[in-house]
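Just below is one structure, and these are the notes that go with it.
The values are calculated or read from the model by the stated rules, or taken from the named source; none is laboratory data. Computed from a predicted structure; not experimentally measured. All Cβ positions, even for glycine, are placed from backbone atoms using ideal geometry, and neighbour counts span all protein chains on display. Protein only, heavy atoms only, side chains kept; ligands, DNA and RNA dropped before computing areas. Shrake-Rupley method; radii C 1.70, N 1.55, O 1.52, S 1.80 Å.
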There are 2 protein chains.
Amino acid sequence: MNDLGTDIPATAYRRLVSRFERLAIIDEASAMLGWDQAAVMPEGGAAARGDQLATLAGVAHGMLAAPEVEEDLAAAEIAPPADPVERRNLALMRRAYRRATAVPADLVEAVARESAACETVWRGARRDADFAAVRPRLEVLLGLIREQAAALGATLGLSPYDALIDSYQPGITAAEIDPVFDRYEAFLRDHLATVEARQAGRMAGLPGTPPFAEAAQEALCRRLAERVGLDFRGARLDRSLHPFCGGTPTDIRITTRYDEADFASALMGVLHESGHGLYEAGLPRARARQPVGAAAGMAVHESQSLIVELQAARSDPFLRWLGPQLAAAFGQPPADFAPDRLAARLRRVERSFIRVEADEVTYPAHVILRFRLEAAMVAGDLAVADLPAAWNDGMRALLGIVPPDDARGCLQDIHWYAGLFGYFPSYTLGAMAAAQLMQAARRARPDIDAALAEGDFAPLRDWLRANVHGHGARYGFNELLVEATGKPLDPASFEAHLRARYLA
Amino acid sequence: MNDLGTDIPATAYRRLVSRFERLAIIDEASAMLGWDQAAVMPEGGAAARGDQLATLAGVAHGMLAAPEVEEDLAAAEIAPPADPVERRNLALMRRAYRRATAVPADLVEAVARESAACETVWRGARRDADFAAVRPRLEVLLGLIREQAAALGATLGLSPYDALIDSYQPGITAAEIDPVFDRYEAFLRDHLATVEARQAGRMAGLPGTPPFAEAAQEALCRRLAERVGLDFRGARLDRSLHPFCGGTPTDIRITTRYDEADFASALMGVLHESGHGLYEAGLPRARARQPVGAAAGMAVHESQSLIVELQAARSDPFLRWLGPQLAAAFGQPPADFAPDRLAARLRRVERSFIRVEADEVTYPAHVILRFRLEAAMVAGDLAVADLPAAWNDGMRALLGIVPPDDARGCLQDIHWYAGLFGYFPSYTLGAMAAAQLMQAARRARPDIDAALAEGDFAPLRDWLRANVHGHGARYGFNELLVEATGKPLDPASFEAHLRARYLA
């Protein structure tokens, strides 16, 4: 099923290759069940599905944390494979084993149980804008997360918070993120008001006239996904409450939701998820089901969705092509979808309380806030009781606005209440990496924009396949950027992108 | 997740309950992946899906055949649970363990590999009506099946063929089936011509006028499934090439296919699969995920689909209710769906070559033929080379017709070519059991037919829940019939049903 290890004499390494292949297959089964749960499962199946996913996770963990793995790793490390990609694969196996065995089983279970309990309480607390209702549960959960982070960090030689970041995006630390985010804060302080002022001076009518028929949106979404490069012989487009990309590299499952009052959300959702799907489909087949053949992390994944959605699909050339497509799809006059109108909808910048609704200029402020708060919580420097006030102070400092209640403040995102600490930075690291990759791609392939003006993603796609997708997890976050762009993360690319789009 | 074993002191038995629960959960995961494969998976996912299902099967087999299972079984059998249902559960665990360990792993793998290979060749052979093309592969496969049957039989104390029958329907043997099938052969010889003659004398026009819009068919199918008793909060209706019922008891997945030229195939398909689904949904929740809480076998399962499809849904009272529903669904005159017209379509009796298209009168002849041929093949009394001639002789003897080629003869069904020997009798045992159960149900609930005349399955459903579904696998085939109807399989009920419907 892949050609790793086939000519390696070291039996221990071959045994590991075979074990990790089985592990990956079980993870594929879980991924498909996860898609089913979100896209088609009737409510009656929920309890059984939870058991199925938990049992498969338990089987996979047992397979990964088995004593023979330590023996085989030790044996393989004495005589490592000659091929550098296989050496990296072996190192990633070691990392996976370390992570799986770093935290005692009872703590893993306690985190899973408390995460589920806290998330349930959070749903009610968010609805009622009642932080006090969930505070005790979040305190318990944070305590467990800090224990877990300390255990992971001790094993991996990282600080507790860095160990959590590493769970989602290997190859970058808080110390590297800090100055990048500080710099963006300064950029915002210097330019946000100007962006807003320019936008006010260029007011255009909104594109098109609702309703935008669901069937027309769906047909257009499929076409756009195909344009990006999804091949529906190995992919599906369905509906779910929250858009996502699931499935496996040969069976990509993207979802979106449709709003007849506004075509943009389904459209941009599908473009975003298509970027994720394209990455999965482009992972190196010869390394399939091995750690080195998987995606390089959540920030890299996000860079691939955002390079499609934000960099390419909201660019001037693409909007020029997109307008007539929208007009034809909805049977409305092409002039109603002129580039300035599309830009008025798709590039509107607005200080707002809700991260998931934020534009690309203010979005990083939401992430910077969460990054700082979660780092402080994990370090023990911020008590859960002080979170709402710290949140509001942070919003005031970063965007100059204060949410009217905690539902639009520290209760809005599921992450912390579901036990996900260390995930947030990936969103903005991904956005910045996308700008840096796009800059490098345009240098290497000057035909990218002309192609986008024809609705053609091929030049960009080819470059991404060769320089990002095809590497799998061979490189960590900054290493991959060095390989693809010649330097580690450099926030200047993202700033240059925003200057060109919003301040030119 | 179930209440088995919670107050049993025997630790060994409790460990087994917990292990079989995990096994059942893994089987649930496989069942959902199987549904996905047949109903929604894009072709690109096929290879990976095969790996996923094979890996989960391997995990489950490893869990079932582990040495600790033998130890726990032995310990639990020394001090068996006091409750008779739990004792039956323990016996079924022993049976599952015996079956899992009876056949050497290399033979299991060889059967799986040869089944896949033979099935692939069969597809081409059937298309080309070329038995010679698949003969060598079937010879190899039959050789392996005979080895497997011998090993299973030796372990279970059954003849090789009985051991295969027992794989699909425990609790009945070829020696018990033989006289039942012989008797039906005589019944056919005595009555088939009369049935055909009466039918010719009652010729009615076909119901309705095509096309029958797919959307209208689908909406009606959903309503009918709900009438049968499927609750779509825990079920779905989708499309697939061949109708089936998959999923799990709290997440039933039925499928059908639509033909705008003929509403009957989707409709009857959904009614049939709803019967299967109702059985799964009605299995005892308190025994969920234990061997004793599962379905009692394929023949019992088929009895539940056929009691809905053939006994209830093609009965006079139900057809009287169904006609106006069809007329309303398709916007056609009610008179066009009068009972005699519906009967002309839904109860047409016709000697034909193809089993899956056969009516309820001639269907058993197709099964009797296959039962006799496969018994002879497994016993070594019929060589694969002689199968086409034996098939044609059998068809001539049973139905007086001879297929013009092997595609409409011994190549028509996938079963043998996919390694399924011993499955066929279940179809007719199920049809006969359905008649016997319906007779007992009508005795116990004289309101069944009046309710069906209102499209109401409740009285029949309640009786089935109490007398069939709720027992799970507590009883074998004949034991269950004794429990529910007072006697083991008695072909007289099925004959009485046919006399009443076709000869009255």
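Side notes on the structure shown:
- Centroid-to-centroid, using Cα positions, the stretch A:158-191 and the stretch A:427-458 are 24 Å apart.
- Distance (nanometres) between label positions extended 7 Å along Cα→Cβ at residue A:356 and residue A:376: 2.6
- Solution diffusion estimate, µm²/s, Stokes-Einstein, chain A, Kirkwood Rh from C-alpha pairs, 4 °C, viscosity 1.567 mPa s: 54
- The stretch A:1-102: translational diffusion in µm²/s, Stokes-Einstein, Kirkwood Rh over Cα pairs, 20 °C, 1.002 mPa s: 143
- Solvent-accessible area assigned to carbon and sulfur over the stretch A:323-429 amounts to 53 percent, based on a 1.4 Å probe.
- For residue B:411, neighbours were defined as the other residues whose beta-carbon sits under 13 Å from its Cβ, and their charges (Lys and Arg +1, Asp and Glu -1) total +2.
- Label distances, nm, residue A:400 versus same residue in remaining copies, Cβ-directed 7 Å point: 9.6
- Net charge of Cβ neighbours under 15 Å - reference residue B:423; Lys, Arg +1; Asp, Glu -1: -3
- Volume per residue for the stretch B:390-465 equals 165 cubic angstrom (convex hull of Cα atoms).
- With the label put 7 angstrom out from Cα along the Cα-to-Cβ vector, residue A:133 ends up 6.6 nm from the copy partners, going from closest to farthest.
- Chain B: DSSP helices with Cα axial extent of at least 20 Å and average Kyte-Doolittle hydropathy no lower than -0.5: B:11-39, B:46-64, B:105-128, B:131-156, B:174-201, B:214-228, B:263-281, B:316-330, B:363-379, B:425-444
- Between the listed residues A:392, A:318, B:471, the Cα displaced farthest toward the positive end of the dipole of the protein assembly as shown, a dipole computed from Cβ unit charges relative to the Cα centre, is found at A:318.
- Averaged per residue, chain A has 38 square angstrom of accessible surface, using a 1.4 angstrom probe with ligands and nucleic acids left out.
- Alpha carbon convex hull of the stretch A:236-286, volume per residue in cubic angstrom: 53
- Taking amide H atoms as placed 1.01 Å from N in the peptide plane, the amide H of residue B:294 lies under 5 Å from those of B:473, each 5 or more residues away in sequence or on another chain.
- Pairwise FRET efficiency - residue B:444 versus residue B:200, Cβ, R0 = 35 Å, nearest 0.05: 0.40
- Scanning residues 5 or more positions from residue A:239 or on other chains, those with amide H under 5 Å from its amide H are A:256, with H placed 1.01 Å from N in the peptide plane.
- Ratio Rg/Rh, restricted to the stretch A:146-268 and using Cα atoms, in which Rh is the Kirkwood radius: 1.13
- A straight line joining the Cα centroids of the stretch A:320-362 and the stretch A:459-496 runs 28 Å.
- Pseudo-label separations to other copies for residue A:47 - Cα-to-Cβ vector, 7 Å, nm: 4.1
- If the chain linking residue A:75 and residue A:335 were pulled fully straight, counting 0.36 nm for each residue of separation and taking away their Cα-Cα distance, it would gain 86.8 nm.
- For the pair A and B, the buried accessible area comes to roughly 2600 Å² in total, with a 1.4 Å probe and the value rounded to the nearest 100.
- Gain on full stretching of the segment that runs from residue A:257 to residue A:238 - 0.36 nm per residue minus C-alpha separation: 6.0 nm
- Per-residue [θ]222 nm for the protein assembly as shown (sum of -39500 (n - 2.57) over DSSP H runs n ≥ 4, rounded to 500): -20500 deg cm²/dmol
- The stretch A:458-504: C-alpha gyration tensor shape, a/c 1.5 cut-off, then a/b vs b/c: oblate
- Relative to its residue count, the stretch B:218-264 spans a Cα convex hull of 73 Å³ per residue.
- Gyration tensor (Cα) of the protein assembly as shown, equivalent ellipsoid semi-axes in angstrom: 57, 35, 28
- Amide H contacts for residue B:382 (H built 1.01 Å from N in the peptide plane; partners 5 or more residues away or on another chain; cut-off under 5 Å): B:377.
- Note on the stretch A:264-411: the C-alpha convex hull projects to 12.2 nm² when averaged across all orientations.
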